[in-house]
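The values are calculated or read from the model by the stated rules, or taken from the named source; none is laboratory data. As the structure is a prediction and not an experimental result, all values here were calculated from the model. Cβ atoms come from the backbone with ideal geometry, glycine included; neighbour counts cover every protein chain shown. Just the protein is used for accessible areas: all its heavy atoms, side chains included, with ligands, DNA and RNA removed. Shrake-Rupley method; radii C 1.70, N 1.55, O 1.52, S 1.80 Å.
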Amino acid sequence: MNLILKKDELNTLLTAWRQDYEVYAPQSLQKFTHFLPLQDGAEPAFNKAHNTRVPPKALFLPTSEALLKFTRFGGYEQVPTETAPRLIFGIRPCDAHAVTMLDTVFEQERYTDPHWQARREATVTIGLGCHEPCQTGFCTTVGSGPFNHAGLDAILTDLGEFYLVETLTEQGGRLFSQLDAASEMQAAQAYELQQAAQAGMPIAFETEGLKQKLDQNFVSPYWEEVSRSCLSCGVCTFLCPTCFCFDIVDETQRNERVRNWDSCMFRTYSLEASGHNPRPSRVERTRQRLSHKFTYWVDQINQIGCTGCGRCVRYCPVGLDIRAMLRKANQLPSEVAHA
Amino acid sequence: MSETPNLVLFQCQWCLFAPADQEWVDTQLPENIHHAKVPCTGRINPLYLLNAVQGGADGVMVSGCLPEQCHFKTGNIAARRQLDEFSDYLDHIGYEQDRIRFLWLDLQDRGIIQKELAAFEAQITALGPARNLATRAAQKAGGANA
Amino acid sequence: MPDQAHSPYLPIPMHVLHAYYESTDRSLKTLELSFDNPQDARDFFAAFNPGQFCLLSVFGKGESALGVASATWEGDFVRFTAQKMGSVTTALHELKPGDSLGMRGPLGNGFPLEDWKGKDLVIIGGGCAFSTLYALTKHLHHPSNRGDYGKMTVIYGTRTSGLCMYKQDIAAWHQRDDMEVHQAIDVPENDWLHHVGYVPDVVKEVKPSPVNSVAVVCGPPIMTKFTLPALVELGFSPEAIFTSLEKRMKCGIGKCGRCNLGPNYICKDGPVFSLAELNSLPADL
Amino acid sequence: MPDLDALKAEAKRVLDEGIVEIVIGFKAGDTPLHPQPAFFRSAAEVDQLVYGALCQNNLATYLTRQPKTQKIGMLVRGCENRSINALAFEGQHARENLYLIGIPCEGIIDWRKIVEQTGEEVISVVEQSDNTILVEAMSGYYTLEKASVLHESCARCIHPNPVSADVVIGEPLPEGNPAMAREKVEAFAGLPTQERTAWFRQEAERCIRCYACREACPMCYCEECFVDHITPRWTESGTTPAGMQGWHIVRAFHQTGRCTSCGACERACPMDIKMTYLTEKLNDDMRQKYGFEVGMDPTVPPPFSTVTLDDKSRFVI
């Protein structure tokens, strides 16, 4: 369903939504944009950067959250998850796509994460397509795209004076039920813009056969080469919309068992009590990070575990570029699969 | 706010020579003073102080031995150097330096610890509660978790 | 709205029934835990399969993954043997009967007992990793299970005789006529009647027959590393060799990410893997 | 700017003559704003060497990541040289196993200040001889004054020249004035207490605890950091106010008498958190109280590793 939303009507709509939802939208705070609850009179900030600095996965998996609270005499109680209805406005397609991938981790038949699930079920997402390509992004290379629909209830295309709204789910349709339908010409205009944006994203590396190459070169000087200048900090993983690792810690000072984001790039991540560490240096850790995204995810859900948002490229303190690493991986020797 | 400030006393186990003083500290310390005995003031990691400050201590007093009377030779003057800088540094970000006091007790002085604590408490009461860096709710009987 | 009461992160309330040292050097302690709520016990034993593990939590210290060392028929308790290693296991060692603690589990998949029916079993263990094999052996000893399986051979090696766990039971096993037990220690000791030598060498010495049999290996990485090829040499096929792996774990349910071995999570898809499966996975241990 | 050919020639020479096994420098990055630290093992590889004001990392941080007895050549600016002296004093690498190729440093550009003006999409950056930089971005061409985009630490740098390099390529630059560094500390200290706390909280509580500051810092080489310590757990490990503030307070305090004011922590931070206002305060105190400057004299121990009876301390009997 294609609808037209005039830009000067956006604020009215956002205000109306705030009756029923807590509306999260990118807003400038201090130095860059974050997804924050919209307050009276505030407007979403879309112009500054394409993406918020911290990926919106943080709205579903907070950097820290309490799982249990210890009570006196050795007891404990669960900390309930906030489940007030939320609406995320202006999420970019790469980030929304990433959330659907994380669903496959947190919502499984055998074990479902109640905290994630509660937040997911309480949330509606309205995306904003990227009509200007972003330089560090490579969404089209990894099977996402500037107007990808995955994980969205509706998606907006910026057509200057107005947005063209495509509603993708029933819930999305309800939110925009007041709007007029778009004319065929407007729809065609949007389609053209979407195609142009898609075409404007260059292919950053070859994904065909990449998994086999990484699998077959699990032991290879390649890993030392690409990880040599890595500092093994957590920037790439913490800012990654598809990274989900967490650590569970008993916080004695607060009497809580909390989970915090964790990163496979940290030494303590896989360090065992005996002192043995399966991934003792940044070589193994880099291998884990890349292999997880480009081979293990493929094994698990048949999708590359990266949506090409480009945050890791932009903010790496030593300028390591995952695209360049994978272009190098494209050069690795590979045997033709027998099967 | 409560009228009595939360105080934390880090005490070198050697600095109270008079058994009566040590006993008073061990058993009769007012409830608003949280007491932590350390083997030497040199053993005090600034993290102890930070824990006290974050836990809601309105003032922190450290009592150690006189220079050249340290059981471990130089623990007390090393501690002075480090804690002096740490209190300056905390002052920089909002925990007034008057809230941290380093005290050298003469082994010969009897009863001085009570007087010093009373004076310190008066000083902290005048300053009012420390809210700037207290990020954990103050637990009863002092917030230090050292 | 999901039922938040059934969070998989929520431990089952347990208390210590018995706690006793297992080894003479006091590095190994066995805890027998019983359930605070009878319903939890019913749920646990309905789901339990030997080879699975649980996360024991000591509040304020954290959680530690330990293999279950008891069989369902033994009674309404769960047995664990913990080696004093990190801060959680140290805290576990300090527990006394009556103390409460938390347990999450059973986790993982356990041994594929259904597939093994009708086969001979070669059970090879080393050190404290023998605990899950002890659970397996106990499970198989029950009259209703014993008939489903063929010959049982147990090979159990420890560094010294003092480190040998479950001494009384193992002594009794030697008397049983439905199983063969080989014990080994690394260095010779006076009065030791059994094998002396490392487990892989003992396996080569015992020469279990690979015909219609499966081998289960649990032990320290170095032992496993040399025992697996020894078994292959004896003619066991990679599909008939099983081992149990471990890595640092936090969530135990395939969410927190750290225990992955290639695309598999040891906690969720393991900890039991066949050698054939391991051969297809990256060597990331 | 030092002569790039001379730098390359020297790097090639030390590799060819076997004086060192490896030279740590920079190579062109995959993105225009980020030249990458690079490890050259042979003279042929040195052809990739680049050097410019966008080289933002403190290379000394790799020193503790290399084998302890390796003979290492390194491009060093003033701050890196001082970091290395401090590391050598702490026994992290023997100074005689190092060959330092010194570069008088005109300051490092903060790429964030560029993108503030040009937008995120930068295509190329060219440093020009008249102390300006030419930036080509999606949004157009920009000519920026280099001084306007220098990183704050560099704008206040006191010792831009390497102090103990084996060879210095380029003309020495005038030394800075300690008063410049002091200015900022005093400006901050002059604010009312509430405002200082508010600023500190605003900065610290943006933290996501990725520890990029720790890893980028040459002096943070502990095998186990205090935040990773389990028993006892020193600080809260999550992104709670206590945890975030505790990390920033103690991380900086652990650098007392060790920080060389290079600002690598700040440049590494993905959340643009200001940190040098803390370390500058500590550095300034060390200068004022003990006349100590890190790494200037490799034989002088830092204040916290010595004791004297007659400290000028607030804490007296």
Problem - Selection from C:G75, C:G105, C:F44 lying farthest towards where the dipole of region C:4-107 points positive, charges on Cβ - result: C:G105
Exercise for the section: For chain A, just list the percent of Cα-Cα distances falling in each 20 Å bin from zero outward, please. Expected result: 28, 55, 17, 0
Practice task
Wrap a convex hull around the Cα atoms of region A:224-267, take a quarter of its surface area, and give that in square nanometres.
Solution key: 4.1 nm²
Fill in the blank from the handout: So the angle from the long Cα axis of helix B:112-127 to the longest Cα principal axis of chain B, reported in degrees to the nearest 10, equals 20 degrees
Completion exercise
Taking max minus min of the Cα coordinates of region A:217-308 on each principal axis, largest first, gives extents in Å of 45, 30, 22
Exercise for the section: Could you work out how far apart the two model spin labels at A:E170 and C:D40 are, taking each label as a point 7 Å from the Cα in the direction of the beta carbon, and quote it in nm? Expected result: 4.0 nm
Exercise for the section: Let me know the shape class of region D:107-210, please: from the alpha-carbon gyration tensor, a ≥ b ≥ c as square roots of the eigenvalues, rounded when a/c is under 1.5, otherwise prolate if a/b is greater than b/c, or oblate. Expected result: oblate
Problem - Label point at A:Q216 placed 7 Å out along Cα→Cβ; residues across region A:305-336 whose backbone nitrogen lies under 20 Å - result: A:325-336
Problem - 10 Å Cβ neighbours from other chains, averaged over peptide B:87-99 - result: 6
Problem - Set of aspartates and glutamates near C:K84 by C-alpha distance (under 14 Å), chain-local residues within fewer than 8 positions excluded - result: A:E272, C:E22, C:D25, C:E63, C:E94
Completion exercise
Rounded to the nearest 0.05, FRET efficiency between C:K207 and A:R72 (Cβ-Cβ, R0 51 Å) equals 0.30
Exercise for the section: Write down the percent of antiparallel bridges among all DSSP beta bridges whose residues are both part of chain A, to the nearest 5. Expected result: 75 percent
Practice task
Give the long-range amide H neighbours of A:R86: residues separated by 5 or more places, or on another chain, with amide H under 5 Å away, using H modelled in the peptide plane at 1.01 Å from N.
Solution key: A:E22, A:T123, A:V124
Completion exercise
Partner lysines whose C-alpha sits under 19 Å from that of C:K119, ignoring same-chain residues fewer than 8 away, are C:K138, C:K151, C:K207
Problem - Pair C:R146, D:K289: separation of 7 Å Cα→Cβ label points (nm) - result: 7.6 nm
Fill in the blank from the handout: What the Cα atoms of region A:2-199 span along the principal axes, largest first and in whole Å, is 69, 38, 36
Practice task
Would you pull out the residues with amide H under 5 Å of C:Q183's amide H, same chain only if 5 or more places away, H placed 1.01 Å from N?
Solution key: C:Y156, C:H195
Fill in the blank from the handout: Here the residues of region A:33-63 whose accessible area is at least 30 Å² smaller with all protein chains than in the chain alone (probe 1.4 Å) are A:R53, A:T63
Practice task
For n ≥ 4 DSSP H runs only, could you compute -39500 (n - 2.57) per run for chain D, divide by its residues and tell me the 222 nm figure to the nearest 500?
Solution key: -9500 deg cm²/dmol
Handout entry: Unit charges on C-beta of K, R, D, E only; dipole of chain B, Debye
Key = 380 debye
Exercise for the section: First select every other residue whose beta carbon is under 10 angstrom from the beta carbon of B:R99; then total the charges, Lys and Arg +1, Asp and Glu -1. Expected result: -3
Exercise for the section: Using a 1.4 Å probe over the heavy atoms of the protein chains, calculate the carbon and sulfur portion of the accessible area of chain D as a whole percent. Expected result: 53 percent
Exercise for the section: Can you check what the Kirkwood hydrodynamic radius comes to for region D:33-147, Cα pairs only, in Å to one decimal? Expected result: 16.0 Å
Exercise for the section: Report, as a whole number in µm² per second, the diffusion coefficient that Stokes-Einstein gives for region C:120-244 at 37 °C and 0.692 mPa s using the Kirkwood radius over alpha carbon pairs. Expected result: 226 µm²/s
Handout entry: Chain lengthening between C:K117 and C:D25 when straightened (0.36 nm per residue, less Cα-Cα)
Key = 29.3 nm
Practice task
Amide H neighbours of C:I123 under 5 Å, at least 5 residues apart or on other chains, H built in the peptide plane: list them.
Solution key: C:T153, C:V154, C:I155, C:V216
Practice task
Round to the nearest 0.05 the FRET efficiency obtained for C:D186 and C:K84 when R0 = 22 Å and r is the Cβ-Cβ distance.
Solution key: 0.65
Exercise for the section: Let me know the volume per residue of the alpha-carbon convex hull for chain D, in Å³. Expected result: 157 Å³
Fill in the blank from the handout: Per residue convex hull volume, Cα only, region C:172-274, in Å³ is 148 Å³
Practice task
Indicate, rounded to the nearest 5 percent, the antiparallel portion of the DSSP beta bridges found entirely in chain C.
Solution key: 60 percent
Problem - Whole-number accessible area per residue in Å² for the protein assembly as shown, which is evaluated in the context of all protein chains at 1.4 Å - result: 39 Å²
Handout entry: Per-residue average of Cβ from other chains inside 10 Å of A:324-332
Key = 1
Handout entry: Burial order of peptide ranges D:91-102, D:249-260 (average beta-carbon count within 10 Å, highest first)
Key = D:249-260, D:91-102
Practice task
Quick one: net charge around B:P129, please, counting Lys, Arg +1 and Asp, Glu -1 for every other residue with C-beta under 14 Å from its C-beta.
Solution key: -3
Problem - Translational D in µm²/s for region C:4-107 (Stokes-Einstein at 10 °C, 1.306 mPa s, Kirkwood Rh from C-alpha pairs) - result: 116 µm²/s
Exercise for the section: List nothing, just return the count: lysine pairs in chain D, 8 or more apart or interchain, with Cα separation under 27 Å. Expected result: 26
Practice task
Please work out the ratio of the alpha-carbon Rg of chain C to 2.2 N^0.38 Å and round it to two decimals.
Solution key: 0.98
Practice task
Determine, from the Cβ-Cβ distance of D:A198 and D:E116 and an R0 of 25 Å, the FRET efficiency 1/(1 + (r/R0)^6), rounded to the nearest 0.05.
Solution key: 0.60
Practice task
With a cut-off of at most 10 other beta carbons within 10 Å, and DSSP calling the residue loop, which chymotrypsin sites (Phe, Trp or Tyr not before Pro) in region C:181-266 qualify? Please list them.
Solution key: none
Handout entry: Cβ neighbours within 10 Å from other chains - mean over D:266-273
Key = 5
Problem - Vicinal HN-Hα couplings computed from phi for region D:113-129 (Karplus, 6.51 cos²θ - 1.76 cosθ + 1.60; Hz; Gly/Pro x) - result: 5, 5, 5, 4, 8, 10, x, 5, 8, 9, 9, 7, 10, 10, 7, 9, 5
Practice task
Would you work out which of B:T125, A:T112, B:C70 lies farthest towards the positive end of the dipole of the protein assembly as shown, given +1 charges on the beta-carbon of Lys and Arg and -1 on that of Asp and Glu, about the Cα centre?
Solution key: B:C70
Practice task
Could you tell me the number of lysine pairs in chain A with C-alpha atoms less than 25 Å from each other, where the two lysines are 8 or more residues apart or belong to different chains?
Solution key: 12
Practice task
Spit out the partnerless Cys residues in chain C, using Cβ distances under 4.7 Å as the pairing rule.
Solution key: C:C54, C:C128, C:C164, C:C218, C:C259, C:C267
Handout entry: Ellipticity estimate at 222 nm from DSSP helix runs (n ≥ 4, -39,500 (n - 2.57)) divided over chain A, nearest 500
Key = -8000 deg cm²/dmol
Practice task
Scan chain C and note any complete DSSP helix (H) whose C-alpha atoms cover at least 18 Å along its axis and whose Kyte-Doolittle average is 0.0 or more.
Solution key: C:221-234
Practice task
Please report, in cubic angstrom per residue, the volume enclosed by the convex hull of the alpha-carbon atoms of the protein assembly as shown.
Solution key: 208 Å³
Practice task
Could you tell me, in Å, what Rg and Dmax come out for the Cα atoms of chain B?
Solution key: 14.2, 42
